[in-house]
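Read through the structure below, which is laid out as structure tokens, and then see the notes.
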Amino acid sequence: MSQPNPSTAMARAVIDELARGGVKMIVASPGSRSAALVIAAHEHPSVMLVMSIDERSGAFHALGWAKATGRAAAVISTSGTAPANFLPAAIEASMSLTPLVVLSADRPLEMQGVGANQTIDQKELFGRHVRAFLHLEAADASTDASAGWRAEASGVVASALGVGSTPPGPAHLNISFREPTVPATDDGRTVGEEYPYGIASWHSDEHAAPEPTAADLADLSVSGRGLVICGEGAYDRGRLRSAAARLGWPLLATALSGMRGGEVVASYHHLLADDVPEVLRPDVVFAVGSIGPSPRLEDLVASAATRVRVDYWGRYIDPRRGATKVLAADPALTLEAIAEQGSGTTDWAVVWKTADEEVDRVIGEFLDNEASMSGGKVARAIAGTDWRSLVVASSLPIREVDAHLRGDGRVLANRGASGIDGFISTALGVARSGPRTLALSGDLSLLHDSNGFLVEDRPALVTVVLDNNGGGLFDSLPPARHAPEYERLFVTPHGRDLAILAAFHELPYTESETVPSLVSSIEGALAETNELMIRVPVNREEDQATRLELDRIGASVASALNA
Ligand SMILES: Cc1ncc(C[n+]2csc(CCOP(=O)(O)OP(=O)(O)O)c2C)c(N)n1
């Protein structure tokens, strides 16, 4: 077999090293400078290569897949503005600790700074949003550089997976290529020499898990009323749950924590609408990971005298700057160590659980009797369907799911940076990892990333769109009361017919105006093709009025508890 040209040899070594490091899924967008990388990914036996026209969507597709599988994914782009489109997904990957390898092809040194076409400064393009920036100069046939290529490639994978105390996230490898960028030794534009050396392999390191230290555990008493709040993050759910049970501490869990169901308290959002009721006020709060989106959990944290925040990867999560202790430690091990000191007040968890069930019952009754469709109704309807993964958009969808979903199941959302961008692609990336994926989107989130539907070999996805013709979230924010031209400047109604969008993308489409029809459309699709877009028309004003009414109901349940 003849030797490859230098660009091909380098691309093969890099892609092979990614695969050896566990990167088995790569999303690439078309371009000439990146040709060697794309061809190497296409030819590698253990890599699944997916083509995406749009780099921004492609990166979110890879991100969704990585979030769903817990494994690193990679993206490939050509030079110029192409890799700049990776930035939103890279930021989300950074903040949600998702391993994402970003490969950008670049022009060689002799083409930099001389006005060459499609040539920009790509060095450190993602600034501080990546765990590492590495660069490979264009290969040539005069030196054996393969060990160096493999070292850089395995380094970028290790940085994405998390090395030492650095958490997983995005890592960027910028690679300059000289013509020819296709496997032919001479592609007619420039004569490329053969690369005469072997491309030997390398290996990567593993990270160490943090354990709580004696200082971490000092002053953490079990006397009084303790409460655990579980959010998104890395920790052993089972061990944390049993440690909380041993302590007799109630456990509240966000929809994104993956901890809902059973004895876990889920319906806190409306219960805490007014203030924290005296009977539910904790002395100690142990908050794990990122506990959004309901700001009322932060009120609950603030109401305790001892406020502990803990995150496995040491993310500093204390948005109100009120923590009495912020720990970088394994949350389950830490709570177990606390539980070894004894147990808390016996009937305290029962008080919380009773309140949780009561507020859920009263809210359910109210919504069942309400004629119009609302976000709350849709979230409750979805909760009971047979999805395997539920992917939820930012804005109202995640707030409604967090407020109404009570059962267990895998819920995913881009809440690292809470963008409405890349949503469809994220959901399709999740759907590529397994069947029965259900997405809940707002209409703006859908329109923002409808290019996501253009992805190659599109996985089947059931998408429910809460169509309130614009951004309904703003109705509960200050602009709704204080801004001029509120509708035009904030809500941005578009008046578009989503049926046409679905038809353009050749997606089966339906509309649901009642809960039974929504449930039957979802169940039908999940049981058969897994592919459907369901538009649920929602009146924005009525929906906002319902949310306010549910808050009033929650507050009255809470004040009855105090009585
Ligand atoms: C990329 C990005 N741009 C802008 C925003 C600000 N933003 C937050 S919510 C929202 C409206 C979203 O509308 P839609 O998806 O229809 O959901 P709804 O508010 O109606 O639930 C916008 C624009 C954002 N979070 N992310």
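At q = 0.16, 0.27, 0.29, 0.30 Å⁻¹ the log10 of I(q)/I(0) for segment 401-456 amounts to -0.52, -1.26, -1.33, -1.35, computed by Debye summation with a single uniform scatterer per C-alpha, solvent ignored. Of all DSSP-defined beta bridges confined to the chain, some 5% are antiparallel rather than parallel. Amide hydrogen proximity for MET533: with H placed 1.01 Å from N in the peptide plane, the residues at 5 or more positions away or on another chain lying under 5 Å are THR463, TYR509, THR510. Amide hydrogen proximity for VAL50: with H placed 1.01 Å from N in the peptide plane, the residues at 5 or more positions away or on another chain lying under 5 Å are ILE26, VAL27, ALA28.
For the chain, the solvent-accessible area with a 1.4 angstrom probe is 39 square angstrom per residue. Think of segment 211-368 as a dipole: +1 on every Lys or Arg Cβ, -1 on every Asp or Glu Cβ, centred on the Cα centre; then among GLY261, TRP348, ALA218, ALA218 lies furthest on the positive end.
In terms of the mean number of neighbouring beta-carbon atoms within 10 Å, the peptides 282-288, 521-527 order highest first as 282-288, 521-527. Protection proxy ranking of 353-366, 492-505, by the mean of other Cβ atoms within 10 Å over each peptide's residues and highest first, is 353-366, 492-505. When each of the peptides 308-317, 71-80, 554-563, 227-236 is scored by how many other beta carbons lie within 10 Å of its residues on average, the order from highest to lowest is 71-80, 227-236, 308-317, 554-563. Where does the charge balance sit around ALA255 when Lys and Arg score +1, Asp and Glu -1, over other residues with C-beta under 13 Å from its C-beta? Net of charged neighbours comes to +2. Here segment 410-563 exposes an accessible surface that is 55 percent carbon and sulfur, computed with a 1.4 Å probe and the other protein chains kept in place.
Tally up the carbon and sulfur contribution to the accessible surface of segment 1-157 as a whole percent, 1.4 Å probe, everything protein left in place. The computed percentage sits at 54.
Taking every alpha-carbon pair under 8 Å whose residues sit at least 6 apart, the chain reaches a relative contact order of 14 percent. Using a cut-off of 11 Å between beta-carbons, work out the net charge of the residues near ASP186 (Lys and Arg +1, Asp and Glu -1, ASP186 not included). Overall, the nearby charge balance is -3.
Taking the centroid of alpha carbons for each part, segment 54-102 and segment 287-325 are 28 Å apart. Rounded to the nearest whole Hz, the Karplus-based 3J(HN,Hα) values (6.51 cos²θ - 1.76 cosθ + 1.60, θ = phi - 60°) of segment 134-140 follow the sequence 10, 9, 10, 6, 4, 6, 9, with x at glycine and proline. Taking only the C-alpha atoms of the chain, the Rg (one decimal) and the largest Cα-Cα distance, Dmax (whole number), read 25.6, 86 Å. Applied to segment 115-123, the Karplus parametrisation 6.51 cos²θ - 1.76 cosθ + 1.60 on θ = phi - 60° returns per-residue 3J(HN,Hα) values of x, 5, 4, 6, 10, 10, 7, 9, 5 Hz, with x for Gly and Pro. For the chain, the membrane-span-like helices by this rule, meaning whole DSSP H stretches whose C-alpha atoms cover at least 20 Å of axis and whose Kyte-Doolittle mean is 0.0 or above, are 6-20, 146-161; this says nothing about an actual membrane. Pairs spanning more than 30 Å between alpha-carbon atoms, out of LYS123/LYS325; LYS24/LYS377; LYS24/LYS123: LYS123/LYS325; LYS24/LYS377.
The values are calculated or read from the model by the stated rules, or taken from the named source; none is laboratory data. Here the structure is a predicted model, which means the values were calculated and not measured. Every residue, glycine as well, gets a Cβ built from its backbone with ideal geometry; the counts of neighbours run over all protein chains shown. For accessibility, only protein heavy atoms count, side chains too; no ligands or nucleic acids. Shrake-Rupley method; radii C 1.70, N 1.55, O 1.52, S 1.80 Å.
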